[in-house]
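*Asks:* Pasting in a structure now, in structure tokens, and then I'll have a few things to ask.
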Amino acid sequence: MSARASRFRAEKEGFVRVKILFLSWAYPKGNTPYLGIWAHQQALALTALGAEVEVVSTVPFIPKVAGRISAKIKKYSQIPKRETLDGVTVYHPKFLRAVPGSMLDRLLFQVTGWQSRMVISNLEKALEIREFQVIHAHNLFPDGATAYLLSQKYGIPYVITLHDVDKYNSIADKGMLKALSRHILGHAKKVFGVSSRVKNHILSQVPEQRIDLLYNTFWTDNDHGRKTGKSKKIVTIASLIERKGIEYLIRAFHKVALCDEEYELVVIGNGYEWDKLTRLAARLGLQSRVKFEGILSHLEAMEQLSDASIFCLPSWDEAFGVVYAEAMSYGIPVIGCKGEGIGDLVSHRSNGMLVEPRSVEELADALSYLMINAAEAERIGERGRESIKELRPGLFGERLLKQYREILSIG
């Protein structure tokens with residue numbers, strides 16, 4: 001459905017008046033253009049249907065003087081209090097953080113409730129909160145805490161989407177967050193999980209009838225199927241951290257490199273494993289065939305992806321992974337891991353490939369199969385493209401707006 005048709009339908013059915021406040025600490029910023037891209041894509045899907053969406057995305061409090069420590073910290077200190085991204089207004093109140101995993105960071109996490117009250121105090125100076133009809137929190141902490149406290153104060157209903165099974169999306173079993181986490185989920189009008197893996201993680205704490213699966217939507221510029229004349233390249237897009245499995249991908253590529261010497265591996269992203277991975281590629285003699293592109297804008301990443309023959313992200317602890325859907329929308333065969341969120345959408349050798357996590361051998365087999373059997377790879381990619389039609393922004397936005405309308409008893 002085109003944006004114009006979607007907007008006409010929205011106006012006809014009375015969707016236009018819905019005003020939603022998104023709360024998502026994970027949201028694209030200048031220094032992290034791919035972080036929380038799913039939240040931005042959801043906001044765009046809703047605005048295309050005529051809804052009004054504003055976003056609150058907390059950022060770490062960093063004094064400007066601290067920007068002298070490193071370029072990364074400097075970029076965080078320069079994030080504005082308010083900005084506009086593709087027509088969506090985004091607010092960036094400060095949130096106290098420390099080095100991830102440190103004792104201080106764990107302590108600050110325990111006082112999320114207090115920090116959320118400080119966030120609300122700042123929001124009240126920048127926003128007319130009573131104008132919003134629905135609050136949509138993404139992740140239990142800190143956004144769910146802020147949504148719960150706003151709802152208690154202003155009487156605005158809220159829903160929450162759980163995007164992972166990490167500490168930001170799990171009910172605390174001790175400490176100051178134990179009661180708060182139960183209040184957040186207990187008062188939410190609806191709880192969404194982005195995959196069966198996430199839903200099953202929370203089932204012991206939330207009645208099944210209150211949990212809906214809501215796979216993330218995606219945005220690409222491709223509505224016409226697989227491009228012709230694709231390059232012989234395998235693309236991966238990920239933060240370069242251990243659980244993304246890029247080391248295993250490089251080792252697997254080394255095993256199959258002789259299957260077709262025209263193939264190259266393109267790695268898009270950055271992270272603490274950059275040096276380790278670049279050294280590994282050099283040690284395996286792949287420096288001319290493994291290209292590390294670093295951080296790209298979403299548009300630049302999609303340009304690289306649309307030209308690929310294979311997309312591979314062998315990550316574990318992956319709740320969903322919107323980039324798989326983006327690749328599938330281009331008709332590109334994807335490789336993911338068994339037992340992860342992508343397993344909801346991919347059937348092995350039907351519309352994609354699934355391998356065991358941390359298995360170089362299975363990963364190499366999957367890569368060589370797609371490299372050698374080009375015609376079958378194309379058929380797998382096409383079946384993948386067809387299988388994710390319901391995740392496209394138009395249909396996704398309509399489904400989410402329907403959920404909001406039911407909560408508000410509109411129509």
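*Asks:* Tell me which residues, restricted to region 43-67, are in contact with a Leu (Cβ under 7 Å, 6 or more places away or on another chain) and not in a loop (DSSP other than H, G, I, E, B).
*Replies:* Going through region 43-67, the residues in contact with a Leu (Cβ under 7 Å, 6 or more places away or on another chain) turn out to be 46, 49, 51, 53-54, 56, 61.
46, 53, 54, 56 - these are the residues of region 43-67 that are in contact with a Leu (Cβ under 7 Å, 6 or more places away or on another chain) and not in a loop (DSSP other than H, G, I, E, B).
*Asks:* Out of everything in region 399-411 that is of a type outside the set (Ser, Thr, Tyr) and either at pLDDT 95 or above or surrounded by 20 or more Cβ atoms within 10 Å (Cβ to Cβ) (or both), what residue ends up being farthest from residue 41 (Cα to Cα)?
*Replies:* Per the stated criteria, the residue is 401.
*Asks:* Next question, about the same structure. Among the residues of region 80-110, write down those that are assigned to a loop (DSSP other than H, G, I, E, B) and modelled with pLDDT of 90 or more.
*Replies:* If the condition is that a residue be assigned to a loop (DSSP other than H, G, I, E, B) and modelled with pLDDT of 90 or more, then 80, 81, 86, 87, 92, 93 are the ones that fit.
*Asks:* Tell me, which residue of region 227-261 that is surrounded by 21 or more Cβ atoms within 10 Å (Cβ to Cβ), out of contact with any Phe, Trp or Tyr (no Cβ under 8 Å at 6 or more places or on another chain) and of a type in the set (Gly, Ala, Ser) is nearest to residue 306 (Cα to Cα)?
*Replies:* 238
*Asks:* Criterion first (in a helix (DSSP H, G or I), charged (D, E, K, R), in contact with a Lys or Arg (Cβ under 8 Å, 6 or more places away or on another chain) and in the same structural domain as residue 244 (by TED's automatic domain parsing)) does residue 382 satisfy it? Walk me through it before giving the result.
*Replies:* Numbers: in a helix (DSSP H, G or I): yes; charged (D, E, K, R): yes; in contact with a Lys or Arg (Cβ under 8 Å, 6 or more places away or on another chain): yes; in the same structural domain as residue 244 (by TED's automatic domain parsing): yes.
Yes; evaluated as a whole, the condition is true for this residue.
*Asks:* Under the condition of being in a helix (DSSP H, G or I) and among the charged types (D, E, K, R), which residue from region 128-150 is surrounded by the most Cβ atoms within 10 Å (Cβ to Cβ)? Give the steps one after another, and end with the answer.
*Replies:* Taking region 128-150 and keeping what is in a helix (DSSP H, G or I), we get 129-131, 140-150.
Keeping just the survivors that are among the charged types (D, E, K, R) gives 130-131, 143.
Values: 130: 9, 131: 11, 143: 30.
Per the stated criteria, the residue is 143.
*Asks:* Name, by its number, the condition in (1) assigned by TED's automatic domain parsing to the domain that holds residue 325; (2) out of contact with any Lys or Arg (no Cβ under 6 Å at 6 or more places or on another chain); (3) over 24 Å from residue 250 (Cβ atoms) that does not hold for residue 401.
*Replies:* Going through (1) assigned by TED's automatic domain parsing to the domain that holds residue 325; (2) out of contact with any Lys or Arg (no Cβ under 6 Å at 6 or more places or on another chain); (3) over 24 Å from residue 250 (Cβ atoms) one by one, residue 401 breaks only (1).
*Asks:* Could you check how many residues of region 343-367 are assigned to a helix (DSSP H, G or I) and crowded, with 17+ Cβ neighbours inside 10 Å?
*Replies:* So the answer is 7.
*Asks:* Kindly provide the set of residues from region 36-52 that are aliphatic (A, V, I, L, M) and surrounded by fewer than 21 Cβ atoms within 10 Å (Cβ to Cβ), ordered by number.
*Replies:* 44, 48
*Asks:* Shifting gears a bit: Scan region 201-252 for residues that are at pLDDT 95 or above and hydroxyl-bearing (Ser, Thr, Tyr) and report the count.
*Replies:* 2
*Asks:* Given (1) buried (at least 22 other Cβ atoms within 10 Å of the Cβ); (2) in contact with a Phe, Trp or Tyr (Cβ under 8 Å, 6 or more places away or on another chain); (3) free of Cβ contacts under 8 Å to residues at least 40 places away in the same chain; (4) within 26 Å of residue 80 (Cα to Cα), where does residue 158 come up short, assuming only one miss?
*Replies:* (4)
*Asks:* Quick check: is even one residue across region 158-173 in the same structural domain as residue 26 (by TED's automatic domain parsing), among the basic types (Lys, Arg) and at pLDDT 95 or above?
*Replies:* Keep residues of region 158-173 that are in the same structural domain as residue 26 (by TED's automatic domain parsing), which gives 158-173.
If we keep only those that are among the basic types (Lys, Arg) as well, we get 167.
Retained after the next criterion (residues that are at pLDDT 95 or above): none.
No, every residue in region 158-173 fails to be in the same structural domain as residue 26 (by TED's automatic domain parsing), among the basic types (Lys, Arg) and at pLDDT 95 or above.
*Asks:* Then there's this: Does residue 119 satisfy being assigned by TED's automatic domain parsing to the domain that holds residue 19 and either within 25 Å of residue 341 (Cβ to Cβ) or in contact (Cβ under 8 Å) with a residue 60 or more places away in the chain (or both)?
*Replies:* It is true that residue 119 is assigned by TED's automatic domain parsing to the domain that holds residue 19 and either within 25 Å of residue 341 (Cβ to Cβ) or in contact (Cβ under 8 Å) with a residue 60 or more places away in the chain (or both).
*Asks:* Where in region 244-311 are the helices (runs of 4 or more DSSP H), entirely inside, with at least 1 residues that are farther than 19 Å from residue 363 by Cβ?
*Replies:* Fully inside region 244-311 and qualifying: 274-283, 298-306.
*Asks:* If you don't mind, there's one more thing I want to ask. Any residue in region 329-355 that's among the charged types (D, E, K, R): show its pairings with residues that are assigned to a strand (DSSP E or B) at Cβ separation under 7 Å, as long as the two are six or more apart or on different chains.
*Replies:* Partner pairs satisfying both residue conditions: 338/354; 338/355.
*Asks:* Kindly provide the set of residues from region 95-115 that are within 25 Å of the chain's Cα centre (by Cα) and either under 14 Å from residue 168 (Cα atoms) or of a type in the set (Val, Ile, Thr) (or both), ordered by number.
*Replies:* Hits for region 95-115 are 97, 99, 100, 101, 105, 106, 108, 109, 110, 112, 113.
*Asks:* Among the residues of region 268-300, write down those that are under 23 Å from residue 72 (Cβ atoms), over 18 Å from the mean Cα position of the chain (by Cα) and among the β-branched types (Val, Ile, Thr).
*Replies:* Across region 268-300, the qualifying residue is only 278.
*Asks:* Determine which member of the set 125, 153 is part of a helix (DSSP H, G or I), over 26 Å from the mean Cα position of the chain (by Cα) and farther than 21 Å from residue 60 by Cα.
*Replies:* 153
The values are calculated or read from the model by the stated rules, or taken from the named source; none is laboratory data. Note that the structure is predicted; figures quoted are calculated from it, not measured. A quick note on method: Cβ atoms are made from the backbone with ideal geometry, for glycine too, and the neighbour counts reach across all protein chains shown.
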